[in-house]
Structure formats: structure tokens, C-alpha cells
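Worksheet for the structure shown next.
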Amino acid sequence: MLLGTTLFLVVFGLVMVLSSSSVESYAADQGFFGSFLRQTAFAFIGIPLMLLASRAPVRFWKRWALPGLILGAVLQLLVFVPGIGLAYGGNQNWIQIGTFSAQPSEFVKVAVIVWVAWVLSTKQDQLGDWKQVLLPVAPVAGAAIGLVLIGNDLGTASIMLLIVFSCLFFAGVRLRFLTIGVVAVALGAIMFATTSGSRTSRIGVWLNGCTELDYQDTCWQIEHAYWALAGGGLFGRGLGNSVAKRGWLPHADSDYVYAIIGEELGLIGAVVVLSLFVTLTVAFVRIIRSTNDSFVRIATAGVMVWVVGQAFVNIAVVLGVLPVLGVPLPLISTGGSALIATLLAIGIVLSFARAEKNGSNPPRPGATSTQPKTATQAAPAQPAPVQSPADRSRMLAANRAQGRR
């Protein structure tokens, strides 16, 4: 389910990138297929990388959790090096060497997920102590997010915060600790948002609506995204027949590709995309419920919240439910770094599912052993009852509720 849905979304994303970028690509002297061929090349890198990652054992990711985090931090620091760092749209969050450009923060997300999962899995018996929860997760994850915030990329930093809190929640951290953290982060986010006139105006438009004075500036993209969705109706204008992509909707192939989907494929196509991400959620949850390894559970939850959570944040921005954050639609929007990093993260989860299927993880409580018994081993009077994933999920929920009283 996870592999099939992911591959379908990648192929669907390539089709939508071709449709949404063809006009702008031609206007930029890259031909109608410029952006599409570039995104296809990234897909041909990311899919084999995903399949290669899916063959790695769980212990491999535990061993490389800290080195991977250090490598991600080094790459993120390169965005501040003159001659290498690249600013775009007011964000200093890219590196460029010759004709090659990349966004290191996408790979930092993968590194943070694996590292936080590894640290929390080693502290399962100590998560009732706030000091054990705070150290070293808060300083290290905070530093990684801080490097992204220094580059002025609030959208990516928000997704990273969501990832860290989801890992803490699925690790079993008490809700009162998480509540304190959420309040502190909310206050910090308000202070950070007010330091930029652009962010303040976007939040003001989101809260108060658009006026005629805002139309040519802050509201241009928002209004044309609404018109694109409304113009699609129930069945859409037809693939390739978007009007908004002809210079009216900026970033039509990246942040606002969902508006083009709604215009060309209509409400039916937009709902199908939503259902595909719901299917991804079901696949992730099945893996979480089937494992007894806390590292696997926490890391899978982090990837799930990243991919599915970012997808719904992007869609909410297009629909006007959230202010503009500038995050792409995973697996569909154009962007090589985002596509490769997302496929790598899903490959890690596939390796967990493969290990569980092959019996590489420790057996679930109550599962009967398939190893032959020696003469010195006493046979049990009755076989131990097999515990289903649903039973184990209810048991974990009860233990979590009891621990937070």
C-alpha cells in the first residue's frame, strides 16, 4: 500500500508538473518540457534511492542517526557561505554550486526524524522525567530548526516543529510536557512573525480578508488560486486546459499546484488527491501498530506527520484555511530536493515494514516462538495467546493514559 501509493503520487505529480509549468517554462526559453524533464530526472534519482533505503536493516538507521544529523547540519550551514548560499523569495535556504542547486533543509528533516527517534527509543523508561525529555532533544532539534529560521524560512521550520512534537507524542511523552512546549513555541512564533512586514501582511490578510489595496500585492496569488479552483467546477476544464497557469498564478507548479489540480481535474480530482494522502496515512498507521520497536514507531510517525501533515498544510493554504507558508505539496509539487528527501524518508519506513514482515524486529508480546525447542527447554502447558495489532494498540493507549495521570 505504501509503495504503490507513493509511486502513483510521483507519476501523478510529474503529469501535473508538465501541465502546470509548460507555459512558464516556454516563456523562460526552456521549452515546454523544461521543468518536467528536470523533475523527471529527480524522480529517477529518488525512486532508486527509496528502493535502496528500503533494503537497509533497522540497525543501519540507528547506527547512522547521529552522523546523519551532523551531515545535515553541515549542509544547512552552507546556505550562509558567500558564493554557495542562494537566496530566493526572501529566504536564504538554498545552496548552489555551478548549475546544481539544492535545499538542505529537506534532508535535515530526515536526519532530525531518525535522530530524535533513536534518542527517544533509548529513553522509553525515563520519559516521565521532564529533564530526560528536554535533554538532548530540545537543544539539538532547536538548533536544527534555528538554522532554518535564520534563513527566514518559517514554513519549513513550522513543519520541522510539527515533526518533533509528533515524535514526542508517539514516544509516550506526557501531555502536560507537550502542552508547555506548544505554548512556548506559539509565543516564539508570534514574535518571529511580527519581525517581518511580509509575514505580518499575509497574516493580516488571512485574518481580515483581502481589500482592493491588497489585490495587486499580497492577495494576487490567493485570489487567483480561488478563481482557479472555482473555475474547475465538478469535472474540471480538462488536463492541460488551465487558465491560471498562463501567467496569472505565481508558483503554479510548486506551492499552488493543488489549485491547478482543482481547475483541470475539478472537485473530483482534488478529492482523489486528498484520498491518496489518506491512504498513505492508513499505510503508515498499519506499520506503527504492527511493530514492537519504539524506534520504528517513532520514526514512522515522524515521516507520516511530515508527508501527510505538510500535504494538508499546503492544501489548507490554497483553500485559505491557513496563511501563506510557502511549503510544497509532497511528491507532487516541483522541487528536486523535496522529492528526493521525501522518497528517502518513505524508503526508511519501507525498510521498517520489510524488517517487520521478515521477523527482524523483536516479536510482539504474546507471540509464539517458531524456534525449535531443545531437550532442556520445558514445553509450556498451553501456547501463549497471540496478541493482535488492535489489542496491542489499545494496551499502549491505556498505558499512556495511566502514565499521564
Looking at segment 211-231 only, could you name the residues that are modelled with pLDDT under 80 and either under 14 Å from residue 324 (Cα atoms) or surrounded by 12 or more Cβ atoms within 10 Å (Cβ to Cβ) (or both)? 214, 215, 217, 218
Listed residues 311, 259; which is farther than 22 Å from residue 218 by Cα and outside any loop (DSSP other than H, G, I, E, B)? 311
Looking at (1) free of Cβ contacts under 8 Å to residues at least 24 places away in the same chain; (2) surrounded by 13 or more Cβ atoms within 10 Å (Cβ to Cβ); (3) more than 26 Å from residue 293 (Cα to Cα), which is the one condition that is false for residue 132? (3)
Taking the options 192, 169, 165, 177, name whichever one is in a helix (DSSP H, G or I) and either in contact with a strand residue (DSSP E or B) (Cβ under 8 Å, 6 or more places away or on another chain) or without any contact (Cβ under 8 Å) to a residue 24 or more places away in the chain (or both). 165
Taking segment 135-158 on its own, how many of its residues are of a type in the set (Val, Ile, Thr) and open to solvent by 10 Å² or more (accessible area, probe 1.4 Å)? 3
Which count do you get for residues in segment 297-341 that are farther than 23 Å from residue 44 by Cβ, open to solvent by 10 Å² or more (accessible area, probe 1.4 Å) and among the small types (Gly, Ala, Ser)? 4
If you go through segment 283-296, how many residues are open to solvent by 10 Å² or more (accessible area, probe 1.4 Å), farther than 21 Å from residue 112 by Cα and outside any loop (DSSP other than H, G, I, E, B)? 3
Among the residues of segment 221-251, write down those that are charged (D, E, K, R) and more than 17 Å from residue 25 (Cα to Cα). 223, 237
Residue match in segment 51-62 (condition: within 24 Å of residue 142 (Cβ to Cβ), out of contact with any Cys (no Cβ under 8 Å at 6 or more places or on another chain) and not charged (D, E, K, R)): yes
Does residue 20 qualify as being of a type in the set (S, T, N, Q) and surrounded by 15 or more Cβ atoms within 10 Å (Cβ to Cβ)? yes
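Residue-wise test of (1) more than 21 Å from the chain's Cα centre (by Cα); (2) in a helix (DSSP H, G or I); (3) not hydrophobic (A, V, I, L, M, F, W, C).
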residue	(1), (2), (3)
19	yes, yes, yes
22	yes, yes, yes
32	yes, no, no
46	no, yes, yes
For segment 319-334, indicate whether the set of residues that are in contact (Cβ under 8 Å) with a residue 24 or more places away in the chain and not in a loop (DSSP other than H, G, I, E, B) is non-empty. yes
Checking residue 205 against (1) at negative phi; (2) surrounded by 15 or more Cβ atoms within 10 Å (Cβ to Cβ); (3) in contact with a Gly (Cβ under 7 Å, 6 or more places away or on another chain), which single condition isn't satisfied? (3)
Can you confirm whether segment 232-245 contains a residue that is part of a helix (DSSP H, G or I) and surrounded by 13 or more Cβ atoms within 10 Å (Cβ to Cβ)? yes
Check whether at least one residue in segment 48-58 is over 27 Å from residue 167 (Cβ atoms) and either out of contact with any Gly (no Cβ under 9 Å at 6 or more places or on another chain) or of a type in the set (A, V, I, L, M) (or both), and report yes or no. yes
Note on residue 37: of the conditions (1) in a helix (DSSP H, G or I); (2) open to solvent by less than 70 Å² (accessible area, probe 1.4 Å); (3) under 30 Å from residue 17 (Cβ atoms); (4) not charged (D, E, K, R), unmet is (2)
Matching residues in segment 77-109 - criterion: being within 15 Å of residue 140 (Cβ to Cβ) and either surrounded by 24 or more Cβ atoms within 10 Å (Cβ to Cβ) or at pLDDT 95 or above (or both): 108, 109
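The values are calculated or read from the model by the stated rules, or taken from the named source; none is laboratory data. Since we're looking at a predicted model, the values are computed, not measured. Using ideal geometry, Cβ is built from the backbone for each residue, glycine included, and neighbour counts are taken over all protein chains shown. The area values use the complete protein model at the heavy-atom level, side chains included, leaving out ligands, DNA and RNA. Shrake-Rupley method; radii C 1.70, N 1.55, O 1.52, S 1.80 Å.
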